[in-house]
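The values are calculated or read from the model by the stated rules, or taken from the named source; none is laboratory data. As the structure is a prediction and not an experimental result, all values here were calculated from the model. Glycine also receives a Cβ, built like all others from the backbone with ideal geometry; neighbour counts cover every protein chain displayed. Accessible surface is based on the protein model in full, side chains and every heavy atom, while ligands, DNA and RNA are left aside. Shrake-Rupley method; radii C 1.70, N 1.55, O 1.52, S 1.80 Å.
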Amino acid sequence: MKDVSDKQAGAITIVGAGIVGLAAAIELQRKGLTVTILDKEGAGAGASQGNAGHFATEQVFPLADPSMLAKLPGMLMDPLGPFRIQPKYFLTALPWFMRFLRNMLPGRRASNSRAIKVLNQDSIVAMRELVDFCGCADLLILNGSLLVFENTPLAEVQKEYKAYSDAGVEVQLLDAKQVQNLEPSLSTSITHALYFTQVGHTSDPYRLCQALKQKFIALGGIFLTEELVTVEVAKTNDSINLQMKTGASKHVDKMVLASGAWSKPFAKQLGYTVPLESERGYHLMMPQKSTLSRPVASYNRKFIITPMAEGTRLAGTVEFGGLKAPLVPARADCLFPHGKALLPTLFEHATVADGKRWMGFRPSLPDSLPVLGRGEKQANVFFSFGHQHLGLTWSALTAKLLAQEITGEQSNIDLKPYRVDRFS
């Protein structure tokens, strides 16, 4: 690519083609802007294709939970545990964990939870509008989801139910018989479940990303497969120079940084220190197609099963190890026995070798909130990254909020809790 410029009125470049960047691009096109997307791999090539496919608006609680404290040391050191840090990465991740611990304080936790709920409130409505506009409404399935319990004391189940209910989440408490009536293929070891009635899932996250890209191109969007190396804002005229790995450069008037787990160094180049870490998420994609009608998460086993168009996805676990360490096969393989325990008939004759392993990077901040909106240092630089476990869930809504800010419209919500400078 030669040196090029999109310095015409109403033009903007988005760095990142995950579900967050793609949704933002389409919303900006709908506002009349000329949009270019820049990505090193392609649409939905990272976490956007490998996630659990769950529009998880029931997840209103920040990850920084004080109840984790007693369990955290053992969880972090267990090589197959649901929440782990690779020993050689411990010192690197330590500053992030210190901030994470501070966000367990009651006041911060309550404030972060309110900010999460604000984004969750209209996320599925926004996604429904987006998939309708893009002609892929079949990829949003609104059958709710289950959180299942195996021989958990009833008092503990009721405590979980009350926590969600008190937080305003639409939830029903089911007994074993009701669970079997709803999902007959689930194991009879399940004694209770929380049924979240107002959430959804997609049968193919990657196909969803491709559908958005196709609509983006149809609307006149430009998609460039290039790896960005540096971002520099000229002090004289606020022009932004994007330097590529190939040596080419692109000069733009406005940009959105939506590079997910790779956003931290670019934010630093723009003058912002952001405590972003990558959570290495795993899945095991099994070819067997279940009869499940909705995602099923396990309270005891800390993983999730999602029925997909190409089979059954077993996903979950959190691992801190940075962006360069290779996939750890055992981290994906350990999901299989849990899947077999909950779907014994489906996987009766299956083996872990049937599955396809995957690992991707969730961009996570210690307060469980994204970075969203205009930067304080430059009027022409905008951010949308750090959506942690809720990138799919929040993508359409944060796209709307970002488009409102970029075009000068009154935002539907106060973006202050999500500002990039909140970490200063």
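If we keep just the residues of segment 102-113 that are touching a residue at least 60 places away in the same chain (Cβ under 8 Å) and in a helix (DSSP H, G or I), which is farthest from ILE19 (Cα to Cα)? For segment 102-113, the residue satisfying everything is ARG102. Annotation note: Cβ proximity below 6 Å between a residue of segment 34-50 that is closer than 15 Å to LEU212 by Cα and part of a strand (DSSP E or B) and a residue that is open to solvent by 20 Å² or more (accessible area, probe 1.4 Å) and aromatic (Phe, Trp, Tyr) (sequence gap 6+ or interchain) occurs for ILE37/PHE223. Within segment 392-411, the set of residues being open to solvent by 20 Å² or more (accessible area, probe 1.4 Å) and within 17 Å of the chain's Cα centre (by Cα) comprises just one member, LYS400. Counting the residues of segment 158-192 that are among the β-branched types (Val, Ile, Thr) and in contact (Cβ under 8 Å) with a residue 40 or more places away in the chain gives 4. The condition of being open to solvent by less than 60 Å² (accessible area, probe 1.4 Å), polar (S, T, N, Q), under 26 Å from LEU219 (Cα atoms) and modelled with pLDDT of 95 or more holds for only one of SER113, SER123, that being SER123. Here is the figure for segment 183-213: residues that are open to solvent by 10 Å² or more (accessible area, probe 1.4 Å) and either more than 26 Å from the chain's Cα centre (by Cα) or not small (Gly, Ala, Ser) (or both) total 15. GLU279: within 25 Å of GLY386 (Cα to Cα) and either under 18 Å from the mean Cα position of the chain (by Cα) or exposed (fewer than 15 other Cβ atoms within 10 Å of the Cβ) (or both), yes or no? Yes, satisfied. Name the residues in segment 214-258 that are open to solvent by 40 Å² or more (accessible area, probe 1.4 Å), modelled with pLDDT under 95 and not in a loop (DSSP other than H, G, I, E, B), would you? Passing the criteria: GLU232, HIS251.
Among the residues of segment 326-355, those identified as of a type in the set (A, V, I, L, M) and open to solvent by 20 Å² or more (accessible area, probe 1.4 Å) are LEU327, VAL328, ALA330, ALA341, LEU346, VAL352, ALA353.
Of the conditions (1) of a type outside the set (Val, Ile, Thr); (2) out of contact with any helix residue (DSSP H, G or I) (no Cβ under 9 Å at 6 or more places or on another chain); (3) within 16 Å of ASN300 (Cα to Cα), SER187 clears all except one; give me its number. So SER187 meets the others, but not (2).
If you go through segment 363-378 and keep only what is under 23 Å from ALA234 (Cα atoms) and of a type in the set (Asp, Glu), you end up with just GLU376.
Can ALA315 be described as open to solvent by less than 20 Å² (accessible area, probe 1.4 Å), small (Gly, Ala, Ser) and assigned to a strand (DSSP E or B)? Yes; evaluated as a whole, the condition is true for this residue.
Among the residues of segment 130-149, those that are surrounded by fewer than 17 Cβ atoms within 10 Å (Cβ to Cβ), out of contact with any His (no Cβ under 9 Å at 6 or more places or on another chain) and on the phi < 0 side of the Ramachandran plot comprise ASP132, PHE133, ALA137, ASP138. Any residue in segment 357-373 that is farther than 30 Å from ARG109 by Cβ and touching a helix residue (DSSP H, G or I) at 6+ places or on another chain (Cβ under 9 Å)? Yes. Checking each residue in segment 83-110 for being among the small types (Gly, Ala, Ser) and surrounded by fewer than 16 Cβ atoms within 10 Å (Cβ to Cβ) picks out GLY107, ALA110.
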